[in-house]
Amino acid sequence: MTVTIGGNDAGYVPLLMAAGLPHIVRRLPLLGGVVREMLDPTARDRALVEVAESLKEVGRTLRRRSPRAKVLFVDYLTLLPSAGTPAPPSSDIDVALGRRVADTLERLTGDAAADTGCGWVRAAEASRDHHAWSAKPWTTKFGLPLPGRPAPLHPNADGMRAVADLVVAHTT
């Protein structure tokens, strides 16, 4: 059984979506408050504190309900390039916050796996060179979600194949 959770609760992809919006759109009354909330480091930190306990509770619950099951926590594929590499159209400040959220989610996932006797599939580590802005990405870049277009800031076919291979490697 695999578990990948926490990103939505921490506002990870919504943060990156907000960071990619033009500044004029960020100022629109209808969107401005939501965008400010998504880009607020303190709000992200509060959300990550809640995610930490949620991850552990999921692991404990799975262990209690299925004590003999092989449970693997799978962290998120790397979306952003390493520090010093831009990720347009987002600003360096917003990208730094995104990296911090991603790094924290990765650490919290590993901690939850260890604390609950589950395995940890390190997709983030395996995909560092395959971020959305790389030559061979395993995820899609920022873009407007449009019909017929892959979901922005989500795994592409290569990324899903890579994660599947990582999971299989942990089960053999």
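Rule-based calculations on the coordinates, nothing more; no lab input. In this text the structure is predicted, and so the values were computed from the model without any measurement. In this analysis, Cβ positions are derived from the backbone assuming ideal geometry, glycine residues included, and neighbour counts consider all displayed protein chains.
Computed values, structure above
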read-out: Packing-based ranking, highest mean first, of 63-72, 149-158 given that Cβ atoms within 10 Å are counted; value: 149-158, 63-72
read-out: Ratio Rg/Rh [Cα only; Rh per Kirkwood] for region 2-171; value: 0.99
read-out: Expected 222 nm ellipticity per residue - DSSP helices of 4 or more, -39500 (n - 2.57), all of the chain, to 500; value: -17000 deg cm²/dmol
read-out: Gap separating the Cα centres of region 48-116 and region 133-162, nearest whole Å; value: 19
read-out: For Phe73, residues with placed amide H under 5 Å, excluding near neighbours; value: Val3, Gly119, Trp120, Val121
read-out: Highest to lowest packing among 101-112, 21-32, scored as the average C-beta count within 10 Å; value: 101-112, 21-32
read-out: Residues listed by number, region 66-96, amide nitrogen under 15 Å from Asp9 label point at 7 Å toward C-beta; value: 73-76
read-out: Estimated FRET transfer efficiency when R0 is 45 angstrom, pair Arg149-Thr42 (beta carbons, to 0.05); value: 0.85
